[in-house]
1. Evaluate the following for B:R179: is it under 24 Å from the mean Cα position of the chain (by Cα), in a loop (DSSP other than H, G, I, E, B) and basic (K, R)?
2. Tally up the residues in segment B:108-121 that are assigned to a helix (DSSP H, G or I) and small (G, A, S), please.
3. So is A:T186 in contact (Cβ under 8 Å) with a residue 40 or more places away in the chain and open to solvent by 50 Å² or more (accessible area, probe 1.4 Å) or not?
4. Can you tell me how many residues within segment B:17-33 are touching a Lys or Arg at 6+ places or on another chain (Cβ under 7 Å) and in contact (Cβ under 8 Å) with a residue 40 or more places away in the chain?
5. Condition first: more than 22 Å from A:E150 (Cβ to Cβ) and modelled with pLDDT under 95. Can you find one or more residues in segment A:172-186 that meet it?
6. Just to be sure before I move on: is B:K51 in contact with an Asp or Glu (Cβ under 6 Å, 6 or more places away or on another chain), more than 21 Å from A:G13 (Cβ to Cβ) and either at pLDDT 95 or above or open to solvent by 60 Å² or more (accessible area, probe 1.4 Å) (or both) in the structure I sent?
7. Take the conditions part of a loop (DSSP other than H, G, I, E, B) and open to solvent by 10 Å² or more (accessible area, probe 1.4 Å) and apply them to B:L98. Does it pass?
8. If B:A79 satisfies every condition in (1) under 23 Å from B:T21 (Cβ atoms); (2) open to solvent by less than 10 Å² (accessible area, probe 1.4 Å); (3) within 13 Å of another protein chain (Cβ to nearest Cβ) but one, which is the exception?
2 protein chains.
Amino acid sequence: MDNNGMLFLVGTGPGSLEEMTVRAKNILQACDTVIGYTTYVRLLSPLLTGKEVLESGMTQEKERCRLAIEKALQGKKVALVSSGDSGIYGMSGLVLELMERDSRSQAISVEMVPGVPAFVAAAAAVGAPLMNDFAAISLSDLLTPWETIEKRLNAAAQGDFVTCLYNPKSSKRIAQIDRAVEIFSTYRDAHTPCAIVRSVSRPEQSITMTFLGQLRDCFIDMLCLVIIGNSQTVVTGTWMITSRGYDL
Amino acid sequence: MDNNGMLFLVGTGPGSLEEMTVRAKNILQACDTVIGYTTYVRLLSPLLTGKEVLESGMTQEKERCRLAIEKALQGKKVALVSSGDSGIYGMSGLVLELMERDSRSQAISVEMVPGVPAFVAAAAAVGAPLMNDFAAISLSDLLTPWETIEKRLNAAAQGDFVTCLYNPKSSKRIAQIDRAVEIFSTYRDAHTPCAIVRSVSRPEQSITMTFLGQLRDCFIDMLCLVIIGNSQTVVTGTWMITSRGYDL
């Protein structure tokens, strides 16, 4: 039975409120309750006046999703927000999995609201590195076995995919990015252009343009995305560009 | 010398005007001239009243980019629009390559304005298939040799990437999608969930949920995106979900 509860899985874009879609903004403004990771929710605060706002910490993903479902079951219009897109290393999958296991969820309607993913904004910030086939790989081995990640790094490197690395390094995970560079270096030239984009689309955004051979010496942390070019990627002037192959 | 000409490479999102970012919308409204592929420009017409609007056909990419540069060199604020994101199989790379070859271009400023890519909207429309590592591959061999595309299909399939196929089939290119399915079938089960999303985010959007073993029998054309799940992708009820690996 429908209780009119609605759950919106909203991608709020990479950072700046301007990079949010019109639809995401309208939905946030129409919702009763907004739930998300503390840092992201605070970026949204100009839009949240008068709403029930529920923040939680980094490792509280399941709790956040369950809370969002409970609030929707109470008949509320709920936005569960993820930065970037909710379906790319975000909350969408977990919510849908939890709803499938809870027969009460049939009473609420759920809608995915796509956003500009962080890697897309990072690419735009450095030029046009994703003009040809690409892959995205998270180096976090909290939920995925490291052997699987290594297999993917090898496949992406071998297949000449421009590759975006999410979660490249944290204070506890420092060896993974070095291993990734090692793997790519067996297939790609040391002069392959790479970019590190930190805090993309936020006021403190910073960009490091470098090469595969130098990547290990660069500052990289949790707030960074790393883009490794393919065999057609060049740096010309200010921009990192992967040629699509037009005859110019 | 700066002539105040500005060139914005704008991703207008997958289709609906609501899926455009606030920034893209503001920039379109502030521009003098809007240039793009006929079909996309017409979708934007509610925003373009009173502007110089220059449309061109499907194969006129270079001409469009050159025209955009010329207009900016005349001191105009120009938006060159791509659907989805301008940096993903869009116009950004070509424009930047052309500008690098034309010293007059130093007089104009260029800015990339990211948008929600079509594959991200397609994923949101079917659930959450991109919750783990993924790849995007275009099956069009107009600009990329087919051997390279086959190499990437093999790599993506072997690496267990959720894979989005752009340009899966046209009236003239019909064998490529069959070959792609053949390649994936050597690495993945015939019951691997797949989705075909046609005209994503437009009023005529349609979705076909299927399996790798049946994909070849489904209707696919130029307006479709195909998403092939990985070994962790399931179809539960209405949704296609790739598990991220949380212990539920």
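The values are calculated or read from the model by the stated rules, or taken from the named source; none is laboratory data. The model shown is predicted, which means the values in this text are computed figures rather than measured ones. Note: ideal-geometry Cβ built from the backbone for every residue, glycine included; neighbour counts use all protein chains shown. Just so you know, the surface numbers come from the protein's heavy atoms only, side chains and all, with ligands and any DNA or RNA stripped out. Shrake-Rupley method; radii C 1.70, N 1.55, O 1.52, S 1.80 Å.
1. No: the conditions fail for B:R179.
2. Of the residues in segment B:108-121, 2 are assigned to a helix (DSSP H, G or I) and small (G, A, S).
3. No.
4. Final tally of qualifying residues: 5.
5. no
6. no
7. no
8. B:A79 satisfies all of (1) under 23 Å from B:T21 (Cβ atoms); (2) open to solvent by less than 10 Å² (accessible area, probe 1.4 Å); (3) within 13 Å of another protein chain (Cβ to nearest Cβ) except (3).
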